Amino acid sequence: MIYPIFTLVYFSIQIIKQSDSQCIFDRPVLGEYYSYENGLETHSSFKENGDIERRFFRRQSGLGAQASIITVLDSAAFGGCFQINYISNPFQHVSKWHYELMYRDKEKSCYQCFEIYNRTRNILQIRKSECDEITSILTNTMNFQDLCASISQEADFDTLFLKTFSAEECRATIYGTFHFTYEFREGGIGICDNPASRLVSCPDPGTPFEAVNERFWMTYGYCKNLVSSIDAQPLYQCLGYWINENQDIYTAIANERVGSERWYDKFRCMLTRQDQPQWFAKSLFAECSRLYSPTDGPEKVIITPVVPEIPTPTCFFPDNFTGEWINTANVNAKVIINSTHIHEISQVNNRGWLRETYYVCQQISRNQFLVKTVTKGECFPYYICFDFKDRHHNILRYRKSKSFMSNVYDDLSKRDPLFEVCAWTSFGNDANWKYQVFVLDPPAPVECPFTGMWTFKQVGQPNSLVNTRIRGGITPRPRDHGWYITCDPKFMVSQWTVCGDQTKSMFVDREYCRQLDPYGTPIGVYEMPDYIYQCAGYWREDSRSILITYDRDDPYINYKCWVYERMDLFKIYLSRSAGSACGFNQTSDSYKGEDGADLFIQLDEAERIHDDCPIRYDDGRNPWLDIDEFLFFYASGINLRISFIIIVICLLLSTVFSVL
């Protein structure tokens, strides 16, 4: 019999030592803090010997900005730590772990329970009980457990900002270059959308790794029709972030351009969410309790990613590059190419947010194109080199080099980026590299690399097999028992055809009846194929023949990559990719996910006497050959001989007339 064993993990942080009834503070509680509580500016001091001093100041009105004293002491509280315990529960969210501090007021001789939450090394959040002399009327003694239990779990936190703070990384909250709109909930309703408003959270080039991105600045553009709009440029330092059990992300910030004599204007709090990174709310004071959601706070900000700079093109792409493409290597990213720009739009998650990158042509050397890259929401432009193959069919193959910071080449008279960025060493030394693919969207149909009538067998992932379906319908087969005709089971086959005047698409029927009526006509002649794969292009690379197809009926991925190989005169192997790009290790018989494939098809030739569907096979060695220029005669031998004689006569007559 096996008994369940529950292991509780307790984090022992040795910050407190107890001596008699007095505590000794160490980090992270020790220090001088500022907070804004109940309309009063509060200065709290947690001293090493366990003493706690809190002074509350109120702001004087009517003195003007030049007044030397703008706050007056309202009240003060002096006490000490009676005892302190760290409360952690591995079954609760980490944001609920806290210190329970028993505070004894020296003047009132009462006890108060402090719940202290250490959010970052610069931030503490506190909830307090009432100051009480006794909590048990029966025993007339102090019950600290009951005192702390009187604190409501729905009570607001008081946020304490360390005066001697040290900046922390901002990247977890915000990173990049953005345009923003802002709205103040009080003082005039309206959204200010000034094109000059910018939020930039970027490291300076050459910044040490330990201080990569510790601050950001916001340029507020003024809107003349809004009284609440402002013209300012605060520079904020990040003091750390924390996440609560609702997945809200809080960030504490300090305005670097406000001196220490103005604590009231220095500290702020921001709220956003991982699933709503384009919205955040910001407080007007040193508090977080009035931030309820990314769209509900004293100041609401909506950010939109923009490019860090607008490069100037200095060269042109070939004319046959122009058009709309799909980048199969980047989760079906949409690519728009004109004479000077490549604009790539990719979806970064399932909520539809887009990542837009612009590649601007700078220099050309043979088939290599040096481009300057800027991405919306990023910090810096980069140089990248594209190595393109000549276009064939609907296919544009390329390799992309590593990225190089463009500011390194600001002085082009000393360093030419073309020779470094487009060097072969910049493309990496991976032995398994292969060309990535742009596919024209939508593709123009091209001749498939092989033709014929085949039966097939399949092996693959259960959800990837070819099944009977009604294309465009919501049910796989709306007929009773699958057929409205009576077909002998021995004539029921899985058929794959590329025949006649429809050799630009592959027609796949999972259940096809090859039975003939007394007149020699297939009784399943009016059956519709389950799948139609339109051929978009093919080529040979690394001794593998590769085919790209387009299925307009696929609800998820319209493009598929196939590795095909002719095994003998009457057999072809096909391997279909799991996504739209072939895997590095995918071969013609692959069907496993680790190879990047999900389906293996074995085709066996099954042409009947009068089908007129001969086999033609092209392994893609020369994809630039235009097959449409060739004439394929699918007829009897007598007709072929007559056609041959007519062609010879025409050639002779043309020769005679040319001599005359």
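Read-outs: derived from the displayed coordinates by stated rules, not from any lab. The structure displayed is predicted, hence computed values, not measured ones. Glycine also receives a Cβ, built like all others from the backbone with ideal geometry; neighbour counts cover every protein chain displayed.
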Given that compact globular proteins tend to follow 2.2 N^0.38 Å, what is the ratio of the alpha-carbon Rg of region 293-369 to that value? 1.47
Which distance in nm do the two modelled labels at GLN278 and SER260 give, with both placed 7 Å along the Cα-to-Cβ direction? 4.2 nm
Among the listed pairs LYS163/LYS282; LYS334/LYS457; LYS128/LYS300; LYS47/LYS128, which have their C-alpha atoms separated by more than 23 angstrom in this model? LYS334/LYS457; LYS128/LYS300
Pairwise FRET efficiency - GLU309 versus THR425, Cβ, R0 = 25 Å, nearest 0.05: 0.35
Computed from the beta carbon distance with a Förster radius of 30 Å, FRET efficiency for GLU130 and ASP26 to the nearest 0.05 stands at 0.60
Can you compute the modelled spin-label distance between LYS490 and LEU516, with each label point 7 Å from Cα toward Cβ, in nm? 1.6 nm
Under 5 Å between amide hydrogens, which residues at least 5 positions from ALA329 or on another chain qualify, with H placed 1.01 Å from N in the peptide plane? VAL437
Roughly how many debye, to the nearest 20, is the charge dipole of region 272-392 about its Cα centre, given +1 on each Lys and Arg Cβ, -1 on each Asp and Glu Cβ, and no other charges? 100 debye
Plugging the Cβ-Cβ distance of LYS96 and MET405 into 1/(1 + (r/R0)^6) at R0 = 51 Å yields, to the nearest 0.05, a FRET efficiency of 0.70
Mean 1/r over distinct Cα pairs of region 450-628, inverted to a Kirkwood Rh in Å, yields 17.1 Å
Subtracting the Cα-Cα distance of LYS571 and LYS457 from 0.36 nm times their residue separation yields 39.9 nm
